[in-house]
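The values are calculated or read from the model by the stated rules, or taken from the named source; none is laboratory data. The structure displayed is predicted, hence computed values, not measured ones. Note that each Cβ is placed from the backbone with ideal geometry, even for glycine, and that neighbours are counted across all protein chains shown.
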Amino acid sequence: MSHRESPDYDAVIVGAGFSGIYLLHKLRDAGFNVLLVDAAAQPGGIWYWNCYPGARVDSQVPLYEFSIPEVWKSWAWSERFPGWEELRAYFRHVCDTLDLWPMMRMGCGVRGAHYEKETKQWRLQLDSDKTVSTRFLLPALGFASKPYVPNFPGLEDFEGQWFHTARWPQQGVDLSGRKVALIGTGASGVQVAQEAAKSVSKLTLFQRTPILAL
């Protein structure tokens, strides 16, 4: 029988949104040695990346929150449909209350993952240039972890600025007095339009199918 080295962790979770944070909480409490990594600088998952003007959840609280007693008993929402700033603060509160920070590495994504059949372990190459091993790899990336940018002809020659709501600059974008073209009127498109219309000089919406938003 060949000697098998023990892995660095029982499980490595990728993603610090609702799924990843809950996995970390439950596995830690079950006695497992767990590490959570996320390329984002703060926990929150989609609410770290989605910080565009008007970004807020469309599912009302308390349905949109953890049902962990020590968390909800010590947190009070300011509104039924909170915005991204409050949702980020909520995730920090969750990590503080459950003491999850020691097992988290924020600003650290995964460059590559390889499963070794001989050792029955995963080897992960992290952004920090460190390699870690684990028995279980648990991706908690969510459906919106990778933004889709259509292959618009001429986009590479566009001389203005363009932004994707799923990767909005963390420092924000001053749209005051600018001419803005907004493509798409899904949830994010409608939210951006409502806020941008207050300050831009001209707002043009492009949509394939008309919608009704209340």
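General observations
- Qualifying residues in the stretch 165-197 (those that are surrounded by fewer than 16 Cβ atoms within 10 Å (Cβ to Cβ) and in contact with a helix residue (DSSP H, G or I) (Cβ under 8 Å, 6 or more places away or on another chain)) - the one nearest to ALA55 (Cα to Cα): ARG167
- VAL200 out of contact with any Pro (no Cβ under 9 Å at 6 or more places or on another chain), closer than 20 Å to ILE46 by Cβ, surrounded by 15 or more Cβ atoms within 10 Å (Cβ to Cβ) and not assigned by the TED database to the domain that holds TYR52: no
- Residue, modelled with the highest pLDDT, within the stretch 1-27, restricted to residues that are surrounded by fewer than 16 Cβ atoms within 10 Å (Cβ to Cβ) and within 22 Å of THR131 (Cβ to Cβ): SER6
- When the residues of the stretch 171-202 are filtered to those that are under 20 Å from LEU155 (Cβ atoms) and in a strand (DSSP E or B), the one that is farthest from the chain's Cα centre (by Cα) is LYS179.
- Filtered by the rule that a residue be over 18 Å from LEU205 (Cα atoms) and either at pLDDT below 90 or assigned to a helix (DSSP H, G or I) (or both), the stretch 155-165 gives GLU156, ASP157.
- The stretch 83-113, subset touching a strand residue (DSSP E or B) at 6+ places or on another chain (Cβ under 6 Å) and free of Cβ contacts under 8 Å to residues at least 40 places away in the same chain, residue farthest from LEU23 (Cα to Cα): GLY83
- Qualifying positions in the stretch 94-108 - loosely packed, with under 15 Cβ neighbours inside 10 Å and out of contact with any helix residue (DSSP H, G or I) (no Cβ under 7 Å at 6 or more places or on another chain): ASP96, ASP99, PRO102, GLY107
- Taking the numbered list (1) loosely packed, with under 15 Cβ neighbours inside 10 Å; (2) over 20 Å from the mean Cα position of the chain (by Cα); (3) over 29 Å from PRO7 (Cβ atoms); (4) without any contact (Cβ under 8 Å) to a residue 40 or more places away in the chain in turn, GLU116 passes all entries but (3).
- Matching residues in the stretch 61-79 - criterion: being within 27 Å of PRO169 (Cα to Cα) and either surrounded by 13 or more Cβ atoms within 10 Å (Cβ to Cβ) or touching a strand residue (DSSP E or B) at 6+ places or on another chain (Cβ under 9 Å) (or both): VAL61, TYR64, GLU65, TRP77, GLU79
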